[in-house]
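Asker: This is the structure I have questions about; it appears just below.
We did not get these values from a lab; they are worked out from the coordinates using the rules stated. Remember, predicted model here, so these are calculated numbers, not experimental data. Every residue, glycine among them, receives a Cβ derived from its backbone with ideal geometry; neighbour counts consider all protein chains shown.
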């Protein structure tokens, strides 16, 4: 369990550093974090402890999102939504964290920046910030994950 918490805190801390390096939204709170498992053993290693900490609230082909019974304390605020992503050779990063912002204003400011990628999904869009100097990404979604899932946090 300790390794799970340590890993999530690492991802949120590094994503926060990335966010604070390239944006002006230093106070944006974390909404959601995802561990990108690097191999199947690691996926099992993280899935087992999280199952005792919360319940599955979203099932996708890339992995499950869990709502933790008690929030993890992170440098970017309390965190209750964590996804354990299945291994994917396209995602060598350690993970990512999503931060809540005024998305429309944020998008106007950063959409043209080459460090940001606009990702469009069926029900939402997001700007994803990455830098090869960081082993994580920071995401800014048009709809907070909790709202998209219909969860009150």
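Asker: Over region 93-153, what is the relative contact order in percent, taking alpha-carbon pairs closer than 8 angstrom and at least six residues apart? Before the final figure, lay out each step's value.
Answerer: Numbers: 82 pairs, mean separation 22.8, N = 61.
Averaging sequence separation for qualifying contacts and normalising by length gives 37 percent for region 93-153.
Asker: Right, here's the next one. List the pair-distance distribution P(r) of the chain, using every Cα-Cα distance, as the percent of pairs falling in each 10 Å bin from 0 up to the bin containing the longest distance, rounded to whole percents.
Answerer: Reading upward from the zero bin: 11, 44, 37, 8, 0.
Asker: Okay, next question. Averaging sequence separations of C-alpha pairs under 8 Å and six or more residues apart, then dividing by the length of region 2-146, give the relative contact order as a whole percent.
Answerer: Relative contact order here is 28 percent.
Asker: Would you please give the FRET efficiency between residue 118 and residue 42, computed as 1/(1 + (r/R0)^6) with r the Cβ-Cβ distance and R0 = 35 Å, to the nearest 0.05?
Answerer: Details: r = 30 Å, r/R0 = 0.85.
Working from the Cβ atoms, E equals 0.75.
Asker: Counting other beta carbons within 10 Å of each Cβ, put 83, 147, 61 in order, fewest first.
Answerer: Numbers: 83 22, 147 14, 61 5.
Least to most surrounded, the residues fall as 61, 147, 83.
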